[in-house]
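What follows is a set of notes on a single structure, which appears directly below.
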Amino acid sequence: MSGGIIKRDDVHFMIDGEEVTASPYETIWQVAKRIGKLIPHLCYRDAPGYRPDGNCRSCLVEIDGALEVSCRWKPQPGMQVLTDTPLARKTRASVMELLVTDQPPREQAHDPDSPFWYWAEKIGVTQSRYPRREMPVTDNSHLGIAVNLDACIHCQLCILGCSEVQGHDVIGMHGRGIRAKIGFDFDDPMGDSTCVSCGECVQACPTGALMPSTLLDEQQVLTKRPDKKIDSVCPYCGVGCQISYNVRDNEILYVDGQDGPANNNRLCVKARFGFDYVKHPHRLTRPLIRRDDAPAKTSELEIDPADPLTHFREASWEEALDAAAAGLKKVLDRDGSGVMAGFGSAKCSNEEAYLFQKLFRTAFGTNNVDHCTRLCHASSVAALLEGIGSGAVSAPFTAALDADVIIVIGANPVENHPVAATYFRNAADFGATLIVMDPRLNELSRHATHFLQFKPGSDVALLNAMLYTIIREELYDRHYIERYTEGFEALKVHIEDYAPEKMAPICGIDANTIRTVARKYATAHRSIIFWGMGISQSIHGTDNARCLIALAMATGQVGREGTGLHPLRGQNNVQGASDCGLIPFMFPDYQAVDNANARATFETFWNATLDPVRGLTVVEIMDAAHAGKIKAMYMMGENPAISDPDIQHVREALARMEFLVSQDIFLTETAAFADVVLPAAAWPEKDGTVTNTNRQVQMGRRALEAPGEAMPDWWIVQEIARRLGLDWNYSGPEDVFNEMRQCMPSIRNITWERLMKDNAVTYPCSGDDDPGQAIVFGDGFPMEEGRGVFVPAFITPDNEPPDSDYPMILSTARNLEHWHTGSMTRRSTVLDALEPEAVAMMCKADMLRLGLKPGDLARISTRRGAIDIRIRYDYRTPEGVINIPFGWSEAPANLLTNTNLDPFGKIPSAKYCAARVEKLLPEIRATADTSLEEFAE
Amino acid sequence: MSRQPQVPTVHVGDRLHPGAGRRKGRIKPRGRGVEQSVIDEIRTLIGEPPYERRRLIDYLHFIQDRYGCLSYPHMAALARLMQLSQAEVHQVASFYSQFVIVPDGKTAAPVILRVCDSLACALQDSDDLLKQCKEYFGEDIDVVRAPCMGRCDCAPAASANKRHIDHATVENIAQVIDAGDLEPVIPEYRNFNDYVAAGGYRLLQECLEGKHERQAIIDLLSDASLRGLGGAGYPTGRKWASVLKLPKPKIVAVNFDESEMGTFKDRFFIERDPHRLLEGTLIAAWTCETHQAYIYLRDEYHYVREILKTEIRKVENAGLTKHCRLFLSRGAGAYVCGERSAMLESIEGKRGYPRLKDPRTTVVGLFGIPTLINNAETLFWVRDIIEQGPDWFSKQGSNGRPGPRAFSVSGRVKEPGVKLVAAGIAMNELLYEHCGGMVDGHVFKGYCLGGSAGGILPASMADIPLDFDTLEEFGCSIGSAAITVFSDHDPIRDVVRNLMLFFEDESCGQCTPCRVGTEKAVKLIEQNNWDESLLNDLCDVMQHASICGLGQAAPAPIRTAMKYFRNELGLV
C-alpha cells in the first residue's frame, strides 16, 4: 500500500450483553476469542494465511434474530451478537450431528484428537440419528500421507492450504453436492499426482482425513501418540522453517510446522517427512580409526557405510580423539601451519562454526578454513561486499508480499527454497508482477507475469541491457544515486555498448521484452530481486551479481519495505557459518584477516597469535592437497567427495592426504578417506543456534538422545582443541554463544535467554525489545560515506563453451526431495521413495536427436570424467542443456564439472561446462517403460 | 563408445549408496504431462493469449463442442495455456453436468442422450422412457438422466446433444439420432429488423439521447410494482435505485439460468421476442450507468443461445451497445447457478458456490464491483412498462394483487404451458379456466408451487391467491410461478421423492446443512414410515443454517407434505 491509508473506525458492539470493541478488520469470532469465548469452528483455521470460508456452519451465532457465521461476519456498530441462544446452540448441534453421521466411529477414528472430535464433544454431539452414506475407501498411494475421505467434512481447508497458502493448486473439490470429493489433479490417486508432499493439507485438515501415514495402522486407526513436543528449526535449507518434533520413546513420530517468521507454519516435504534419517542403521555410533591393514587409499576408494569395519576399527573416544589430535599435531609441528586446512559445516550450529574456525586460527595458526558457501554464494557475497559492504540480504524473502515487482533470477525456489516460493506465489496471487529469469523453466511459470528463458551464461548481457534501458530512458532514481552511490557516471558510459537490440541475440530474449521488464522493475513503487545458483555458480558469478546490485542501486529499489537484494542462501546455517568467520578471508562478522586492527582485536580476544595472510578457499585447498601442499585436514560435516567440482581430482587429493579427520553423522564418501572418523550428533540431538537467509537467528533444540556414543560437534571440537593445547572450557552452546556476542556486533544485543523464549530474533538488533531490523540499508550502506559502488560488468566468454567433441552444456541442479549430497535425505524412507534414483534431465528435441527415450541409460562425459545415468524427460530443460542434480554418489555430476573459478569469489562454475551425451549400448540399458508417446510435457 | 581420452567413468551399479539401484525413479516430470501438439491444437481452437480467467467455462465449451467431450489431454492443454493447475480446471469442469469428462483411455460416445426425470416428465413416465432408451440404444450412445430442461409443457422431454426432443418416445428419439439431426432447431422469432419496425429500441434511443430521467424510469418501475420474476420478488425499482447510487464501474448480470423445476417462462418469451430482453437490459444499463452486461444463459437452452448470439451482433452493429457492452455467458448445467451469487461465480469461470451475503452482491458483485442482477423475464417487461405506463402493468392483477404473472403450468393438465394471467389468481381458476382442467381420468390432488422450492398444497387449498406474500402463511411461496399439478394417480411420497432427489443432485455441496441434509432427506423419506420428528429437525437445520436459498427452501416439500398430506403419509 502506498500513499495514505484509509483509517476505519473501531466498532463498538455487544457480545452476549458485554460491550466490546473490534478493530475494523476483526470478525465476530476473533473478537469473541479475545474476550475468552471460543465459538466452535471447523472450516476456519485460526492460523496465518487461512481466510474463513464459512461453509461448515458450526460457528453460527444469533445476530438480531438471524443466524450468521461468526467466522466471517464483521461486526457493525451497535450490533447485538448472542453466541449461546437456544436456537444457536441447537443449530450448531444439528450441524454437528449431520457431520458425525458419516464419520468413522470415534474409537476407529483416524485422528480422535482432531479439532473435529474436540468440538463434537464440546457441543455434546458424538452420535447421530441419521442414516449413513456409502463410505469412500482409503487412498494409500502416497507413502507419507494417508488419505481417508470417509472422515472428510468438505471444509476445504486442504484446498486453501494447497492453493492459497502454498500455491501448488494440486487439490480440488471435484464433482458436486454430496458426491463431491477432494481430489488431486484430475482426481487422481495422490501418489500419482503433481503433489509435492509439503503436507500443508495434513496440517490443515481438522478431521484426520489427511494424516501422516506413520501414525496409522493397516486399518487406518491412530495407534501412536507423541508424549513430547519440542520446538526447533528444520536442518535443511536456508529458509529456516520453525518446526515441532512430536516425539515418543526417543523417536520422532511426525513433524509439524510452527509459526516462525520465515514460514508461518508452512513446511516442505523435507522437513515434513525427512526426519527419520537420524534413526538409519548407517548412523555412526562409535569413533573409528583406520585399520593399519586397510587397503591403501586410492581415488576409487569406496566403503559400504553399512560395514565400515572393512577399513576401520572401533575405538573409544579417548583413543580416537587422541589419535586425531596427535595426527594433526604431528603434521603441524613438522611442516608448519601452511599445510593445515579445515572444512567446517554450514549445517552445524553457529556455535560449532565459531569454535571450528577459532580452533584453526588459534591452534593451527592458519586461515585455511572454509565451508561450502564457496561453492554456493561466494561470488554473490564478493560482489555485495565490494558494492555495498555487506554480504547479507537487505530484506527477508517475506518482503515479496510488500513488493509490486519481484524478480527471481537464476533460482529455482520451488525446489530449493520451497516455503520461500510460497510467498512469491502469494504475492503474485495478490497482484504483484512476478518476473522469472532462468534458462530453465520452473513451476513459478504458472504464476509468473513474465518468464524469460535466456541463454545459459548470458546473464550479464541480459542484465546490462536492462540497465541500458533504465539509464537511456532516464528511469533511474536520480536522488537516490546522488545521495547513496558513487560510480554512476562511469556506469553510464560503460552501458552504452549494451543496447537491448545488441544483447538480444546474445541472451536470446527479444529487445521488447527486455525493455518491458526493465521498465516495470524501475518504475514500480517497490521492486525486489531474488537470486540463486544460476547467478552465482559461474566463472562470472561476481559480475552477474554486480549487475543485480547496479539495478537496485540505480533505481533506489533497496532499503525500503518490499525492495532489496536477496541472494537466497542455501544451507540452514550457511549465513551463520559465514557470519561466524568460517571463511579464509574473514574473522567473525566479516572483519578482514589482513586488516591489522581487526587482527589485533581478535589476537587479544582469543589470546593467540593469528595468521595475517588470507587463507585458501575450498577449491584451492583441494588443488593444494592434490599437489601435496596441504597435508592434513579436519572436516566437520562436509562431503567434498560429492559436492566439490571435478571430484576425481578431489578424490585423488583425499587419497593422497597424509592425515584426515572426518566428523560426521554417516560414513560419507569423504569420510571413507579419513584416518579417524568421529561420530557426531544429528541436528535433532543437540542444541544450537542457526541463522537463515533472512538474518533470523533461530534456536534448534534437542529432541532425541544421540545413538550409541555419538556426541555433539561442539563437544568434539572442544576435545580436539584441548588436546592441541587450547584451554577451552565451554560447558555448552550457551557459553559459546555468549563469547560470540562479545566479538560479533551483529548479535551482541541478542541473548541466549531471549532466543530460548522467542525462538527467533533478526539481526541487526538493538536490544531485548527490538524484534530486529528486517530491512536494512534504508539510510545508506556500510561503506565509506554510506555510498554503494557501481562496478560495471563485462561479458566474459564462458567457462568451457560447447564444441564439436562436447556439444552440450552441463548444468547441475537439485531435487526438491533431496538435500545436498543426499547423506541425510536418501536415508529417509519417504524422501527416498519419492526420488530414489539419479537422473539427468533433457528436453524432447535433444532426446530425439540422440535417439534417447525416457528411462534410457546414457553416458554423460566431459573432459573430467563420465557417468552412466538414467535420462528423465523434462520439458523445462532448454535445448542444448543437460541438467543433473548433483547429490547422487552413484552418478555424481561433479565428476564432470571443472574447477575454473570466478576470479573474485573463487567459486567454481557448476552451472556451465561442456559435455557429451551418448546412449548406452543396448546390453547395458535397464528396462523401463519406454514407449515414445510419453513425450507429454 | 567414443574416442575420448581415458577419464574416470562411473558405471551404473559401481557406487554404493543406501538408495542406489533399489527402486526406479520417475522418467518424466511428476503428474500428467501434456504434449505440445495438443497444446497447439487447443490454442488454434480457442485463440491466442491472453486468456481471461473468467472464460474458463467458455473454453471448456469450445473444446466439448468441437470434440464432443472433455478429454484429459485437452483439459491438461487448456490448463497449461491458461496458466492454471490441472486441479483448477477439473474441479470447475466436474461441477457442471453438461460437461462430459472422459478419463484417460476412454472415448466419448458420439451422442449423449439426456432424458429428463424431473416431476412433470416423471409424471409422463420418463423413468420408463429412460430404461427403454438404455436398452434400445445400448452401448452406442450415452443415455443418462437429466434434471428439468425447461420443456415441461412438452413432457417427457429429452435431448440428444444440442437437439431437444419434445413428447419424447424411443421412436422419435431414434429418428433424430439416426438422422444425425443433433444441432439446435431454431424456431421462428421476431428478429432485429422486425422488432425495430414494430417500434423497438425507440425507448432505448430516447434514453441514450438523454430524453428521459433515470429516476423517472426507476419510479415507473416502482409504480408498476414490478418485482423480481425469477422468484425472489425484490422490488425492481428499488434495486435499480440502489445500484444507481453506487460508484462506477458497474455491471448488469442477467439471470437467464431458468433451471427451477417446472419453469419455462423466460424461454417462452425470449425465444419469441429476444429483443425485448436485450432492450430491457440496455435500458437497465443506461439507467444504472453500467458499462457491461452479462447475460447468463443456461446451457441446455441451445437454440436460445444461437438466437441471442445472432441478435446481439445485430444490436451491436446498430450502435446500440456503445454505453454498455453485451456479453453472453454460457452456463454449463447447474441449477444452483440460478442463485444470484452462484451465478456470479459461474460467470467468473468458477464452481457455482453461492457467496455469503456479507458484503451484498449489489455492492461487491461480479468481479468484485457493484452489480445489478435481474431475472430475464423481469427485464423483458421493462420496455412495455415504461412505454405503456405502470398502470397498464399493475392493473392486470386480481384479488388485490398488482400486475400480470406468467405461470408455467405443467403436469396432469390438459393444456400445459405459459399462462400470462393476473397475479393473485387462485389455482382452481388457473387450472379450469386456463389449462383446460385435469387430463381425463385424473382427479386433481395437489400442486407444487414455485417448482421444487415453494411447497406442495392439496387440491382442497386451491383458492388461495397465488402471488408474492400471499402464500407464506401456509409455508409456501410463489417463487418462479411454476406450478406442477398432480393427481390421484401420483402418490405424495413419489412426488416428494422426485423433488428431494433433484435437490440432492443439484446441491452445490459447499455447506453442511444442504450437502448432507439433502442426502439424508432422501434416505429418510424413502423409509416406509417417515420419522416426523427427525425430519423436522433436519428441515430446521437446513432452513436456518444453509448458505443459500437452495438449502433453505429444500425442506419445503417435506414440511408441506407432512402438514397437508398427513393421512396419505400415515402420520398421526
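The values are calculated or read from the model by the stated rules, or taken from the named source; none is laboratory data. Please read these numbers as outputs of a predicted model, since none were measured by experiment. Cβ coordinates were reconstructed from backbone atoms using ideal geometry, including for glycine residues, and neighbour counts include every protein chain displayed. Just so you know, the surface numbers come from the protein's heavy atoms only, side chains and all, with ligands and any DNA or RNA stripped out. Shrake-Rupley method; radii C 1.70, N 1.55, O 1.52, S 1.80 Å.
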In whole Hz, with x marking every Gly and Pro, tabulate ³J(HN,Hα) for segment B:307-316 from phi via Karplus 6.51 cos²θ - 1.76 cosθ + 1.60, θ = phi - 60°.
4, 5, 4, 4, 6, 5, 4, 5, 5, 5
Taking R0 as 60 Å, what's the FRET efficiency between A:GLU19 and B:TYR67 from their Cβ-Cβ distance, rounded to 0.05?
0.45
Summed over the other residues with a beta carbon less than 10 angstrom from that of A:GLU879, with K and R at +1 and D and E at -1, the charge totals +1
For segment B:282-370, rounded, prolate or oblate, judged on the Cα gyration tensor with a ≥ b ≥ c (square roots of eigenvalues), a/c < 1.5 rounded, else prolate if a/b > b/c?
oblate
Arrange the residues A:ASP84, B:ASP153 by how much accessible surface each exposes, largest first, with a 1.4 angstrom probe.
A:ASP84, B:ASP153
Rounded to the nearest 5, what is the percent of antiparallel bridges among the DSSP beta bridges in chain A?
60 percent
Quick one: dipole size for segment A:553-688, taken about the Cα centre, charges +1 on Lys/Arg Cβ and -1 on Asp/Glu Cβ, in debye to the nearest 20.
200 debye
Please give the per residue accessible area of the protein assembly as shown, computed with a probe of 1.4 Å over protein heavy atoms only, in Å².
34 Å²
Gain in span if fully extended, A:LYS90 to A:GLU300, counting 0.36 nm per residue against the direct Cα distance:
68.1 nm
Using alpha-carbon positions, what is the distance between the centroids of segment A:891-909 and segment B:283-341, in Å?
63 Å
Compactness relative to 2.2 N^0.38 Å, alpha carbon Rg of segment B:81-150:
1.39
For segment A:781-846, just say rounded, prolate or oblate: build the C-alpha gyration tensor, square-root its eigenvalues into a ≥ b ≥ c, call rounded for a/c under 1.5, and beyond that prolate if a/b exceeds b/c, oblate if not.
oblate
What lysines sit close enough to B:LYS309 to cross-link, taking a C-alpha to C-alpha distance under 25 Å and skipping anything fewer than 8 places away on the same chain?
B:LYS162, B:LYS250, B:LYS265, B:LYS322, B:LYS350
Just name one of B:TYR201, B:LEU226, B:GLY180: the one whose Cα is farthest towards the positive end of the charge dipole of segment B:180-227 (beta-carbon charges, Lys/Arg +1, Asp/Glu -1).
B:LEU226
Ranked from highest to lowest mean number of other Cβ atoms within 10 Å per residue, what is the order of the peptides A:704-712, A:563-571?
A:563-571, A:704-712
Given the C-alpha atoms of segment A:189-348, compute the convex hull and give its volume per residue in Å³.
215 Å³
In degrees from 0 to 90, rounded to the nearest 10, what is the angle of the helix B:512-525 Cα long axis to the longest principal axis of chain B?
70 degrees
Which of the peptides B:422-432, A:28-38, A:594-604, A:265-275 is most tightly packed, and how do the rest follow, judged by the mean count of other Cβ atoms within 10 Å per residue?
A:265-275, B:422-432, A:28-38, A:594-604
Which of A:ILE252, A:SER163, A:CYS205 sits farthest toward the positive end of the charge dipole of segment A:152-292, with +1 on the Cβ of Lys and Arg and -1 on the Cβ of Asp and Glu?
A:ILE252
Across the residues of B:537-544, average count of Cβ atoms on other protein chains within 10 Å?
5
Averaged over its residues, how many other protein chain Cβ atoms are within 10 Å of peptide A:858-865's Cβ atoms?
3
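For A:HIS649, A:HIS174, B:HIS434, give me the order by solvent-accessible area with a 1.4 Å probe, most accessible first, ignoring ligands, DNA and RNA.
If we order A:HIS649, A:HIS174, B:HIS434 from most to least accessible, we get B:HIS434, A:HIS649, A:HIS174.
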Please report the spacing between the Cα centers of segment B:466-484 and segment A:126-205 in Å, no decimals.
41 Å
Tell me the relative contact order for chain B as a rounded percent, counting alpha carbon contacts under 8 Å between residues six or more apart.
12 percent
Mean residue ellipticity (222 nm) of the protein assembly as shown, computed from DSSP H runs ≥ 4 via -39,500 (n - 2.57), nearest 500:
-9000 deg cm²/dmol
What pairs in A:LYS229/A:LYS911; A:LYS90/B:LYS357; A:LYS919/B:LYS24 have C-alpha atoms more than 30 Å from each other?
A:LYS229/A:LYS911
In terms of Cα to Cα distance under 14 Å, which aspartates and glutamates are near enough to B:LYS28, apart from those fewer than 8 places away along the same chain?
A:ASP192, A:GLU835, A:GLU837, A:ASP856, A:ASP874, A:ASP929, A:GLU933, A:GLU934, A:GLU937
What average count of beta carbons from other chains do you get within 10 Å of the Cβ of residues in B:79-89?
6
Using DSSP to call loops (not H, G, I, E or B), can you name the GluC sites (Glu not before Pro) in segment A:198-284 whose Cβ has at most 11 other Cβ atoms within 10 angstrom?
A:GLU218
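At the nearest 100 Å², what buried accessible area, both sides summed, do you get for B and A when the probe is 1.4 Å?
Interface between B and A: roughly 7900 Å².
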One checks the Cα atoms of chain A and finds Rg and Dmax, in Å, of 28.7, 91
How much FRET efficiency would the formula 1/(1 + (r/R0)^6) give for A:GLU319 and A:PHE794, where r is the Cβ-Cβ distance and R0 is 60 Å, rounded to 0.05?
0.60
Give me the percent of DSSP beta bridges within segment A:634-700 that run antiparallel, rounded to the nearest 5.
35 percent
How big is the dipole moment of chain A about its Cα centre under a simple scheme where the beta carbon of each Lys and Arg is +1, that of each Asp and Glu is -1, and everything else is neutral? Debye, nearest 20, please.
820 debye
Quick one: angle between helix A:511-523 and the longest Cα principal axis of chain A, in degrees between 0 and 90, rounded to 10, please.
70 degrees
By how many degrees, 0 to 90 and rounded to 10, does the Cα axis of helix B:56-67 deviate from the longest principal axis of chain B?
80 degrees
Convex hull of Cα atoms in segment A:471-587, direction-averaged projection (nm²)
9.1 nm²
Give the percent of DSSP beta bridges with both residues in segment A:1-89 that are antiparallel, rounded to the nearest 5.
85 percent
Name the residue farthest towards the positive end of the dipole of the protein assembly as shown from the options A:GLY772, A:ASN265, A:HIS626, assuming +1 on Cβ of Lys and Arg, -1 on Cβ of Asp and Glu, about the Cα centre.
A:GLY772
Find the relative contact order for segment B:55-199 and round it to a whole percent, using C-alpha pairs within less than 8 Å whose residues are 6+ positions apart.
17 percent
Centroid-to-centroid separation of segment A:581-651 and segment A:787-817 [C-alpha atoms, Å]:
26 Å
In whole percent, how big is the carbon plus sulfur part of the accessible area of segment A:617-745, probe 1.4 Å, protein atoms only?
44 percent
With only alpha-carbon pairs counted, each pair once and no self-pairs, how large is the Kirkwood hydrodynamic radius of segment A:222-299 in angstroms?
15.0 Å
